[in-house]
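Worksheet: one structure, shown below.
The values are calculated or read from the model by the stated rules, or taken from the named source; none is laboratory data. Treat the numbers as computed from the prediction; the structure is a model and nothing was measured. Using ideal geometry, Cβ is built from the backbone for each residue, glycine included, and neighbour counts are taken over all protein chains shown.
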Amino acid sequence: MIVIINNVFNNDNNDISKKVCEEIENSIVYNPYEVALMLDNILKKDIKENFEDLDIWNKLIVDIAREIQNKYEKHLIVPTKINKIANLILLKNSFLNIDSEVYIFNITSSIDCIQNDKEEEYHNININDKSNNNIKSIIIDKIKILRSDFLNNEFLVNKTYIIKGSKIDINLLNSSHQSVKNLYKKKPNYEVILETHPLIIQQELNIERLEKYLMPTKSIESDSKDIKKLVENLIRNEKDKLIIINKILEFTRNIEFDDELSTRIYEGEDTQSALNTINIMKGGYSECTNVFIALCRAANIPAKFILGKTSKNLYHTWAEVYIQGVGWIPVETRINIPVDINKGYFGITNKHIKIYEGVDFEDINVKLYNLDIDLKVLNKEEFYD
């Protein structure tokens, strides 16, 4: 997520951005005018004050933002002082190339601006209105509403895919938040029409032995004294399984992301164990899943390791946890997608395509670089053709 806070009337824009940043988990303030200083020595004096008019300034701040998000997976809070609305919208559209969630808050004293602007483009806060004296709270409250709407409209609606490959288990494709709609080709090369429905979870009628999903493994040391102690500190006297899962998830999602390790694992390196990851609080997607599963099993909650895709080129890992009387619930263990404990929803979206499952990564026993599984989103016209 990228939040642009545009304030041309006051000098406390950085202060507002810092306050907003303090309220949003896993976020940092990214000031584009510090990037402008990089251009200071090569620009003529008469254009130095209008950096936002320069294509190179726009390109630089977007490229640097992309690098920050790719490496650290942080939400960006961006303070700006852009006078021209066209430049503000241009910046938003540029940011949309690297993040699907971009919100603008325009702090203004212009009544005309308040009345005439389109709310869907950016959100105005009138500083002359005394009811708007707590700008930080207004921004935070609005972000919560916008994110909820975005999640519902973008990630929770049903989506249809065609998936092709040889190493595919049809039964797994037709499980959890997925349904196989059509099977065009069978072995050795499958071609399957698949629909995802994040809010409707299919449950197995005959649950197999759950004990194996409570057992420790080489990479998931749920019997470790350190892990058991950590679980005790996290859940204390809590009995509600959904609340316990959320507490464990909050801890797991705070692990610093290691992009280099994720690349090495994709190329064939073994995943880092849960205990090692907890000790350094740094890991990739599979490490976050290892930690989450280890903590759940230590809390006596059965948990599976899931490997799948979130786009044509991206493999991803997450987990499933078992709740008595409910069944298996999918859980996004790394990406900070909002959860809803009351609905038993833990961040799985229509982009999560489950392909494999096991007690851990080693149990699944595949090498990502060697997999040949093609994924494509289908629109209605393609589907019915």
| Is region 336-358 home to any residue that is part of a loop (DSSP other than H, G, I, E, B) and over 20 Å from the mean Cα position of the chain (by Cα)? | no
| field | Residue match in region 58-77 (condition: among the hydroxyl-bearing types (Ser, Thr, Tyr), within 30 Å of Glu256 (Cβ to Cβ), at pLDDT 70 or above and surrounded by 15 or more Cβ atoms within 10 Å (Cβ to Cβ)) | value | no
| request: Select from region 203-253 the residues that are touching a residue at least 40 places away in the same chain (Cβ under 8 Å) and of a type in the set (Lys, Arg) and list them in ascending order. | output: Lys212, Lys218, Lys228, Lys241, Arg253
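Looking at region 277-297, which of the residues that are among the hydrophobic types (A, V, I, L, M, F, W, C) and buried (at least 24 other Cβ atoms within 10 Å of the Cβ) is nearest to Leu234 (Cα to Cα)?
Per the criteria, the residue is Leu295.
Could you go through region 167-187 and let me know if any residue there is β-branched (Val, Ile, Thr), out of contact with any Pro (no Cβ under 7 Å at 6 or more places or on another chain), on the phi < 0 side of the Ramachandran plot and at pLDDT below 90.
Of all residues in region 167-187, those β-branched (Val, Ile, Thr) come to 168, 170, 180.
Those still in the list that are out of contact with any Pro (no Cβ under 7 Å at 6 or more places or on another chain) too: 168, 170, 180.
Going one step further and asking which of them are on the phi < 0 side of the Ramachandran plot, we end up with 168, 170, 180.
Now narrow it down to the ones that are at pLDDT below 90: 168.
Yes, that holds for at least one residue.
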| Residues that are part of a strand (DSSP E or B) and not aromatic (Phe, Trp, Tyr), drawn from region 280-309 | Lys282, Gly283, Ala303, Lys304, Ile306, Leu307, Gly308, Lys309
| message | Residue under question is Ile139, and the condition is that it be crowded, with 18+ Cβ neighbours inside 10 Å, touching a Ser or Thr at 6+ places or on another chain (Cβ under 9 Å), modelled with pLDDT of 90 or more and farther than 30 Å from Asn365 by Cβ; does it hold? | response | no
| Of all residues in region 199-223, which are over 14 Å from Asn276 (Cβ atoms) and acidic (Asp, Glu)? | Glu204, Glu208, Glu211, Asp223
| said: Just to check your reading of the model, which residue among Glu195, Glu260, Glu250 is of a type outside the set (Phe, Trp, Tyr) and either in a loop (DSSP other than H, G, I, E, B) or touching a strand residue (DSSP E or B) at 6+ places or on another chain (Cβ under 6 Å) (or both)? | reply: Glu195
| said: I need a count of the residues in region 94-127 that are more than 17 Å from Ile82 (Cα to Cα) and modelled with pLDDT under 70. | reply: 7
| said: Against the conditions (1) part of a strand (DSSP E or B); (2) more than 26 Å from Leu375 (Cα to Cα); (3) not charged (D, E, K, R), where does Ala319 fall short? Just the number, please. | reply: (2)
